[in-house]
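Participant: Encoded as structure tokens, here's the structure I'll be asking about.
The values are calculated or read from the model by the stated rules, or taken from the named source; none is laboratory data. As the structure is a prediction and not an experimental result, all values here were calculated from the model. Glycine also receives a Cβ, built like all others from the backbone with ideal geometry; neighbour counts cover every protein chain displayed.
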Amino acid sequence: MRVATWNVNSIRTRVGRVVDWLVREDVDVLAMQEIKCKESQFPFEAFAEAGYDVELHGLNQWNGVAFASRLPIEEVTVGFPAAPGFGKVDDAGELPVEARALGVTVAGIRLWSLYVPNGRELDNPHYPYKLEWLDRLREATSEWMTAHPGQPIALMGDFNIAPFDHDVWDIAAFEGKTHVSQPERDAFHALETAGLIDALRSRGVEGYTYWDYQQLRFPRNEGMRIDFILGSAAFDELVTAARIDREERKGDAPSDHVPVVVDLDVETEDDDDRPMIF
DNA sequence: ATGGCTATCAAAGATAGA
């Protein structure tokens, strides 16, 4: 079973690339972030023709998370308990909760597609919002793991945090910036302390997952490692391979992020049905 | 690769990304 996460930066702009990649790379389940559309605008047909069902949470042109899967999707959950909101208070006096978290269960494995708030600037209200969002995510994840002991679970997505200095091309360029601040890194490492393991770093997989469109960042390989798959011990035991698909930053109209992929040693019903090819 | 970003929508400039 092959599982991946990818910040696609608009699914309507990228649908051809994404579906081609799913088929070519033989991916069973993809968590997408920044789909940048609501359900009525989502290109379901292209996924369906390739054999993928889609679940999504999209409210407007910002954010938006989704799953595409050719295995049955169960237990769809929009958002997590006590997720903070951001923006202008609504008629009920509440801050709107953005489309940044979607949970599903596939083949008995609990998976989340997460688009962590950017933070913008250290003195911007988006920054404490980011930290609170991450704290609530950790609490919700711990509660789930306590309630479902032994079930594999993975948090997948764009965390908007570079956990180590070498996860950005030049740490000096990030002085006083978000993504590398100690509170953000503490929030990331708190997820690990809660029992999650970086499926790629723990296996020695190196490389960036994001390169800015500006300043020739990709040709110069001036990127950031901010997209992750964090799995429980039960999930980690299933991982047989892991990689970052740097090739997807090339070619026409790429996303600024690339896919992060893991292979899992999991029996799926489809395996028996798949035709033998000689 | 002699380069200067890309996506969204009240459709032009504003907002957001990181």
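Participant: For the range A:151-178, give me the residue count where each residue is more than 30 Å from A:Leu238 (Cα to Cα), part of a loop (DSSP other than H, G, I, E, B) and in contact with a strand residue (DSSP E or B) (Cβ under 8 Å, 6 or more places away or on another chain).
Facilitator: Residues that pass the stated criteria total 1.
Participant: Could you check the range A:85-132 and list, in sequence order, the residues that are polar (S, T, N, Q) and closer than 13 Å to A:Trp62 by Cβ?
Facilitator: Selection gives A:Asn118 alone.
Participant: Among the residues of the range A:67-78, is any over 29 Å from A:Trp133 (Cα atoms) and of a type in the set (Asp, Glu)?
Facilitator: No, the range A:67-78 has no match at all.
Participant: A follow-up question, please. With A:Ile35, A:Ile109, A:Ile11 as the choices, which residue is β-branched (Val, Ile, Thr) and more than 12 Å from DNA strand B (Cβ to nearest atom)?
Facilitator: The unique qualifying residue is A:Ile109.
Results for (1) within 15 Å of DNA strand B (Cβ to nearest atom); (2) under 15 Å from A:Leu30 (Cβ atoms), shown as yes or no for each residue.
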| site | (1), (2) |
| --- | --- |
| A:Asn60 | yes, no |
| A:Asn63 | yes, no |
| A:Leu71 | no, yes |
| A:Thr77 | no, no |
| A:Phe80 | no, no |
| A:Pro84 | yes, no |
| A:Gly93 | no, no |
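Participant: For the range A:81-115, what are the residues that are crowded, with 23+ Cβ neighbours inside 10 Å and either part of a loop (DSSP other than H, G, I, E, B) or at pLDDT below 95 (or both)?
Facilitator: Passing the criteria: A:Glu98, A:Ala99, A:Arg100.
Participant: Filter the range A:51-76 down to residues that are part of a loop (DSSP other than H, G, I, E, B) and among the small types (Gly, Ala, Ser) and give me whichever is surrounded by the most Cβ atoms within 10 Å (Cβ to Cβ).
Facilitator: A:Gly64
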